[in-house]
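The values are calculated or read from the model by the stated rules, or taken from the named source; none is laboratory data. What you see is a predicted model; the values in this text were computed from it and never measured. Positions of Cβ are generated from backbone atoms using ideal geometry, with glycine treated the same way; all protein chains shown enter the neighbour counts.
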Amino acid sequence: MHGCLLLLMGQLLPAAAQTTNYVAITGDDANPGTLAAPWRTIQMAANTVGPGTTVLVQPGTYNEKVTVNVSGSAAGGFITFLANGAVTVSGAGVTGGNLFYFLDRQYVRLIGFELRDNLNVANGSGVRIEGMGGHLEIRQCRIHEVRGTDAMGITVYGTSTTPITNLVIDGNEIYDCEPAQSETLTLNGNVSGFLVTSNYVHDVNNIGIDFIGGEKMCPDPAQNAARNGIVRGNRVARARSNYGGGYGAGIYVDGGHDIVIENNIVTESDLGIEVGAENPGIVARNIIVRNNVLYRNDKPGLIFGGYDSTRGRVQSCQFLNNTLWNNDTLHTGDGEISIQYAGTNILRNNLVWANSQNRALTASAGSLNNALDYNLWFTDGPTNALTFTQGGTLYTGFASYRTGMQQDLHSLCVPPLLVSPAAADFHLATNSPARDAGDPVFVPAAGETDLDGQARRFGGRVDIGADEVPVAPVLQAPQRQPNGQVIVRLLGDAGVNYELQSSANLTTWTTLGINQVLTTTADFTDTPGTQPLRHYRAIARP
């Protein structure tokens, strides 16, 4: 899935004529939209411009709600709405449900705006995308003060039998919204092929980020699910539902499928990451949840499965290399991980550190044929008091659980030696027993990294948890050759890609090359000529 999706996301468009139009608070919609004679409203541009146009919006506050009525094209290029500095779009006193609305649009970018004051709305959003379309990008926007009921941040509804595809939602901050009983950032229905990356969602009254299937959003049941996407590098904090006892997840898959959720951080929310299927007959499948950090959430850090026997199921998903610490702060008894109606899922290489209630895992009677191994379990309390539940059976102590449930036969129950979890530093200490203790046959996916963006595996085995401790490369003394070249030999981990960099001043570094060490050494060549030898360093890359 990765290669196909990234190819679509990164395709190059043909060269096209580029045009710039301008909007300014000193402008007039009767103007031609030039720098000298700009338009007054963003809506004028959204009614007028064609493919290949950048709409450069000058600083100021624009009191309007915008419906985008234009599209770019593959041949002509994107239409880009770009904030040129501090640009605020305020909906205060303006009718309509959405600050920016896209229906059946394609090849449009929205970059760098502050969107606020969408007040007293019922089912409205800061940005709403509906229908069909593709090549839509929402980047680096700040969305807040969206108030009312179902008052959401970014909403994508695929309502057509033609999907919304090649969607990018990147680098946005969404906060002080009131999405209950909906979601803050949500993809629902026929949405296939997306990147949701590097967003910061916080202080909202329901689910943070959601990927939904099975809600009859699209008339074709076979396409009625968010799918084929990557959810990477997002942060969610304080996403708490204001109804039903508080079960809003920071990141939630509700009936979606074929999604990778990686390198995210969720804290102080009702739930950390949840994979579920609320609607009967719906199966959430092929979800990979890896390399995430989930800590200090009110209830379980990780939860998956349909929530009762009449709902959907979660099957064939993988939960790998996540770090969970001190979740279930309300001491509900659910513990760090909760498994509901789910089967044939894999939990491996996870680092799970419970709080003083000593509850590690709660699995209901609906948890069948799930495989747990090569994890590390620990607790703030006595390790012999650590508890695991399967159905109605409570196992106290790791040995009792392992014997009784026949799970985690290669796992550890020892202090994980994290650097400073209380200060939210979840790196492994150099002497952590989690190092090189993961599944020995684990092979990282192409491009997979740990939480810091480093290679996912150093040494012979992957580390347990979201952090991979690099083996520091050693550079031998550079040797100048008679022809003026310099040979730099690197001693490092077999199979790891190292980037060698050089610098004349220890400030500006230039990449000489990237080389995979196939045994234990690699040679790099520099050509400083007669100049003094440079400084060199090596960095491990995924």
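Here's a check for you: in region 299-310, which residue that is crowded, with 20+ Cβ neighbours inside 10 Å and not in a strand (DSSP E or B) is modelled with the lowest pLDDT? Walk me through it before giving the result.
The initial filter retains those residues of region 299-310 that are crowded, with 20+ Cβ neighbours inside 10 Å, namely 299-306.
Checking the rest, the ones that are also not in a strand (DSSP E or B) come to 299-301, 305.
Working: Lys299: 98, Pro300: 98, Gly301: 98, Gly305: 95.
Selected residue: Gly305.
Could you please give the count of residues in region 206-258 that are among the polar types (S, T, N, Q), surrounded by 22 or more Cβ atoms within 10 Å (Cβ to Cβ) and farther than 22 Å from Ala445 by Cβ?
2
Kindly establish whether Gly335 is assigned by TED's automatic domain parsing to the domain that holds Thr383, farther than 20 Å from Ala226 by Cα, of a type in the set (Gly, Ala, Ser) and modelled with pLDDT of 95 or more. Explain how you work it out, then say what you get.
Details: assigned by TED's automatic domain parsing to the domain that holds Thr383: yes; farther than 20 Å from Ala226 by Cα: yes; of a type in the set (Gly, Ala, Ser): yes; modelled with pLDDT of 95 or more: yes.
For Gly335, the condition - assigned by TED's automatic domain parsing to the domain that holds Thr383, farther than 20 Å from Ala226 by Cα, of a type in the set (Gly, Ala, Ser) and modelled with pLDDT of 95 or more - is met.
Taking only pairs six or more apart or across chains, which ones have beta-carbon atoms under 6 Å, a first residue in region 241-259 that is more than 22 Å from Ala226 (Cα to Cα), and a second residue that is among the polar types (S, T, N, Q) and surrounded by fewer than 24 Cβ atoms within 10 Å (Cβ to Cβ)?
Asn242/Asn205
Take region 197-221 and flag every residue that is touching a residue at least 12 places away in the same chain (Cβ under 8 Å) and closer than 19 Å to His257 by Cβ.
Within region 197-221, Ile207, Ile209, Asp210, Phe211, Ile212, Gly213, Gly214, Glu215, Met217, Cys218, Pro219, Asp220 meet the criteria.
Filtering region 91-132 down to residues that are in contact with a Lys or Arg (Cβ under 6 Å, 6 or more places away or on another chain) and buried (at least 24 other Cβ atoms within 10 Å of the Cβ), which residue is farthest from Asn190 (Cα to Cα)?
This residue is Gly91.
Considering only residues that are part of a strand (DSSP E or B) and in contact (Cβ under 8 Å) with a residue 40 or more places away in the chain, look in region 65-97 and name the one that is farthest from Glu178 (Cα to Cα).
So the first thing to find is which residues in region 65-97 are part of a strand (DSSP E or B), and the list is 66-68, 73, 77, 79-83, 87-90.
Still in the list and also in contact (Cβ under 8 Å) with a residue 40 or more places away in the chain: 68, 77, 89.
Details: Val68: 24, Gly77: 35, Val89: 18 Å.
The selected residue is Gly77.
Within region 418-427, track down each residue that is surrounded by 15 or more Cβ atoms within 10 Å (Cβ to Cβ) and either in contact (Cβ under 8 Å) with a residue 60 or more places away in the chain or under 28 Å from Thr389 (Cα atoms) (or both). If you could, list the steps in order and put the result at the bottom.
We begin by selecting, within region 418-427, every residue surrounded by 15 or more Cβ atoms within 10 Å (Cβ to Cβ); these are 418, 421, 426-427.
If the condition is that a residue be surrounded by 15 or more Cβ atoms within 10 Å (Cβ to Cβ) and either in contact (Cβ under 8 Å) with a residue 60 or more places away in the chain or under 28 Å from Thr389 (Cα atoms) (or both), then Leu418, Pro421, Phe426 are the ones that fit.
Mind listing whichever residues of region 99-146 are at positive phi and outside any strand (DSSP E or B)?
Asp104, Gly112, Gln140
What number goes with the only condition from (1) free of Cβ contacts under 8 Å to residues at least 12 places away in the same chain; (2) more than 26 Å from Val266 (Cα to Cα); (3) not in a strand (DSSP E or B) that Tyr395 does not pass?
Here Tyr395 clears every test but (3).
Only one of Ile261, Ile265, Ile273, Ile287 is aliphatic (A, V, I, L, M), surrounded by fewer than 24 Cβ atoms within 10 Å (Cβ to Cβ) and at pLDDT 95 or above; which?
Values: Ile261 fails: surrounded by fewer than 24 Cβ atoms within 10 Å (Cβ to Cβ); Ile273 fails: surrounded by fewer than 24 Cβ atoms within 10 Å (Cβ to Cβ); Ile287 fails: surrounded by fewer than 24 Cβ atoms within 10 Å (Cβ to Cβ).
The unique qualifying residue is Ile265.
Scanning region 318-339 for residues that are buried (at least 24 other Cβ atoms within 10 Å of the Cβ), on the phi < 0 side of the Ramachandran plot and assigned to a loop (DSSP other than H, G, I, E, B), which turns out nearest to the chain's Cα centre (by Cα)? Step through it out loud before you land on a result.
Residues of region 318-339 buried (at least 24 other Cβ atoms within 10 Å of the Cβ): 319-325, 327-328, 335-339.
Next, from what is left, pick out any that are on the phi < 0 side of the Ramachandran plot: 319-320, 322-325, 327, 336-339.
Applying the additional criterion that residues be assigned to a loop (DSSP other than H, G, I, E, B) yields 322, 327, 336.
Details: Asn322: 13, Asn327: 20, Glu336: 20 Å.
Residue satisfying both the conditions and the ranking: Asn322.
Condition first: farther than 23 Å from Arg40 by Cβ, surrounded by fewer than 17 Cβ atoms within 10 Å (Cβ to Cβ), hydrophobic (A, V, I, L, M, F, W, C) and under 28 Å from the mean Cα position of the chain (by Cα). Can you find one or more residues in region 76-89 that meet it? Full working, then the answer.
Step one: filter region 76-89 for residues farther than 23 Å from Arg40 by Cβ, giving 76-78.
Subset that is surrounded by fewer than 17 Cβ atoms within 10 Å (Cβ to Cβ): none.
No.
Inspect region 465-476 for any residue being modelled with pLDDT of 75 or more and of a type in the set (S, T, N, Q) and give the result as yes or no.
no
Go through region 264-285 and count every residue that is without any contact (Cβ under 8 Å) to a residue 60 or more places away in the chain and either assigned to a loop (DSSP other than H, G, I, E, B) or at positive phi (or both).
Final tally of qualifying residues: 4.
Might you let me know whether region 304-321 holds any residue that is β-branched (Val, Ile, Thr) and closer than 30 Å to Ala422 by Cβ?
Keep residues of region 304-321 that are β-branched (Val, Ile, Thr), which gives 310, 314.
From what's left, closer than 30 Å to Ala422 by Cβ: none.
No - not one qualifying residue is present in region 304-321.
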